[in-house]
Structure formats: C-alpha cells, structure tokens
Amino acid sequence: MKFWPQKKWKKILLITILIFVVVVAGILGFVLFKINSDYVSGIEVLNADGSQTALIIYHPGLSSFMKDVVYAFADGLVENGWRVEITTASSQAPTDLSEYSLLVLGSPVYADNPSPTIKRHVERIGDLEGIDTVLLVTSGGSEGGAEASLQQTVETHHSSVEMVLSLFTSAPNEGDGDPLDIAEQAGRDFFIAVR
C-alpha cells in the first residue's frame, strides 16, 4: 500500500492528521446541525395578568447568551406591565399571532446571517399581518448584515420592525454596558400604542 508510510514517525504524523481531520469534521457537523435544527420547547408565560401580550420566539444558539438576552428583555417588558410568552423557534411554536400585540424574534448571528430556524418560523407563520416586531440579535462582536436580513424577512411578511437590538458577547456594547442590563432596559422602555 503506497499511501501508508514505511517510517514510524511518518505513520504517527499521518495518524495524528487523520484524527485531527475526523475531530474537526465532527465538530463542524455538530455545529451545523445545532444551527439548522429546530429546538422544541414549551411556552413559558411571564406575568400572566399583563395588559398586552408579547410573543418571544428565539433560537437558543450555541451558548446561553441568546436565551439570557431574551429573558432580560422579557423581564423589562414584564416590569412595563406586559404578559410575555416565550418559546423557541420550531414547528411547535405558535403561528397564529391574533392574540399578540408584539412579536419579538431572537437570533444569534452565524457567518453574518440570522439563524435559519428563525427565518423558517417566519415562513411558517406566513403573513405577519402588521404585528409590531422587535429583533434581538446577538453575536460575538461583528456588526453586519444579519439584522438587515432578518428585518427584510419580517417586512417581506407584512410587518414593521419597531426596534432592533444588537448585543455582543465580546465586543463593547452601547455605552460599554452589560448586555443583559441593556436588554432589560430596552424591554422596560419599549412602548407601542395600544391598537
């Protein structure tokens, strides 16, 4: 077999390279699966007696950062008197928005794009019928086209984006503040006129 080297050091080097390639391919496969897969969760209700209802649909991401941002924003809405329903983007998430005054979409950024699961869920909903929408976008620190892409998806499905909040795990955030404090304050300050 010509491919297999005769010298011991070359065999060790070849085996090391093959193991490295298999491990890297496995990690990349896992990441791609995680990015593209729906994650089914129940609907968690915060402040069941709130005066208006917001639906938050998010993709959990590879770390807890997106979930933490979503819940911080939800806490701010609750402080402002909202009922908040939170779930992940999946075939089990609500598609009838008639009971909601606000739709919040949370997406991590992957290669300068929003999560495919969020875009798929907007497709499942179809016509957003003009519901006010907030975009929560998290990334490692590079601003880019993910916000614009997600906003275009929402507008294509007949809704208006009332606010886009981009928060970073490693780059400085607005005012160098803690991203969770910023998210909570944004929820606290959010206002739409009751229709």
Roughly what angle does helix 116-125 make with the longest principal axis of the chain, taking Cα atoms, 0 to 90 degrees, to the nearest 10?
-> 40
Taking the range 53-181 and dividing mean pair separation by its residue count, relative contact order in percent (alpha carbons under 8 Å, at least six apart) | 25
Write down the percent of antiparallel bridges among all DSSP beta bridges whose residues are both part of the chain, to the nearest 5.
-> 15
Can you tell which of THR88, LEU105, PRO116 lies farthest toward the positive end of the dipole of the range 74-122, using +1 and -1 charges on the Cβ of basic and acidic side chains (Lys, Arg; Asp, Glu)?
-> PRO116
Acute angle (nearest 10 degrees) that the helix 146-156 long axis makes with the longest principal axis of the chain, alpha-carbon atoms | 50
Percentage of Cα-Cα pair distances in the chain greater than 19 Å, rounded to whole percent?
-> 62
Give the order of SER91, SER115 when sorted by the count of other beta carbons within 10 angstrom, beginning with the fewest.
-> SER91, SER115
Express the C-alpha Rg of the range 78-169 as a ratio against the empirical globular expectation 2.2 N^0.38 Å, rounded to two decimals.
-> 1.05
For helix 8-36, what angle does its Cα long axis make with the longest principal axis of the chain, in degrees from 0 to 90 and rounded to 10?
-> 20
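Bear in mind that the values in this text are calculations on the coordinates, not laboratory data. Computed from a prediction, not measured in an experiment: that's the story for all the values here. Here Cβ is always computed from backbone atoms with ideal geometry, including for glycine, and neighbour counts include all displayed protein chains.
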